[in-house]
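Worksheet for the structure shown next.
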Amino acid sequence: MRIRCWSWRGLLTIALLSCAAMLAAQATGGGPVIVVETSKGTFAFETYPREAPKTVAHIVALVRRGFYDGQRVHRAIPGFLAQWGDPRSRDPEKEADWGRGSEASSGEPIGAAEISKKRVHAAGAVAMAHPGRPAAADSQMYVTLATRSDLDGYYAVFGQVIEGADVPARMERGDVITRMYVRE
């Protein structure tokens, strides 16, 4: 039987590699990746559970139960954002009300304003819309199409687009979110 002894250099190397892996996970978010299939293409975003644990858990639960499937983009402003998350947007006859009022949500607010100075509104940021109070955010989310530092400090950024970054910019009001899922 051969017993292996680690030198201090070997142990130091292992420790440094472990630290580098932890820092890389922190820098990239380290949370679940959510895939968004739309009528304009597919994109994916990573989540930031360290900065927004309740928000990420809430959105992941909604995604897993199919809450967003079949909804439509209810707000799309070129060069600014694309927004969805109102269950009434599945019904074209209710278009005048898409994105407005208490029925424009899952009915289960997050209850916490997880606004972080670390996560800002860079192009491709994924953040929670809210009706005037950050803790009242629920199911409506948006992707910024350009850096929008004027939104920092007002909305919780809980993710960043990492694949298909061109897709949100092509989205228009009425485009369908065919399916969202958590990449396992």
Checklist (1) under 14 Å from the mean Cα position of the chain (by Cα); (2) open to solvent by 20 Å² or more (accessible area, probe 1.4 Å) applied to Gly153, failing item: (1)
Members of the range 91-115 found to be open to solvent by less than 60 Å² (accessible area, probe 1.4 Å) and among the hydroxyl-bearing types (Ser, Thr, Tyr), listed by number: Ser105, Ser106
The listed residue being closer than 18 Å to Ile59 by Cβ, in a loop (DSSP other than H, G, I, E, B) and in contact with a His (Cβ under 7 Å, 6 or more places away or on another chain), out of Gly99, Gly111: Gly99
Failed item, numbered, when Thr47 is tested on (1) out of contact with any Gly (no Cβ under 7 Å at 6 or more places or on another chain); (2) open to solvent by less than 10 Å² (accessible area, probe 1.4 Å); (3) not hydrophobic (A, V, I, L, M, F, W, C): (1)
Among the residues listed as Glu51, Glu46, the single one being outside any strand (DSSP E or B), acidic (Asp, Glu) and modelled with pLDDT of 95 or more: Glu51
The listed residue being closer than 20 Å to Val182 by Cα, surrounded by fewer than 22 Cβ atoms within 10 Å (Cβ to Cβ), touching a residue at least 12 places away in the same chain (Cβ under 8 Å) and among the basic types (Lys, Arg), out of Arg148, Arg88, Arg75, Arg64: Arg64
Leading residue by the ranking (most open to solvent (accessible area, probe 1.4 Å)) among those in the range 116-139 that are farther than 19 Å from Trp84 by Cα and under 13 Å from the mean Cα position of the chain (by Cα): Val120
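The values are calculated or read from the model by the stated rules, or taken from the named source; none is laboratory data. Everything quoted here is computed from the prediction, not taken from an experiment. Here the Cβ is made from the backbone with ideal geometry for all residues, glycine too, and neighbour counts use every protein chain on show. With ligands, DNA and RNA removed, areas are computed over all heavy atoms of the protein, side chains included. Shrake-Rupley method; radii C 1.70, N 1.55, O 1.52, S 1.80 Å.
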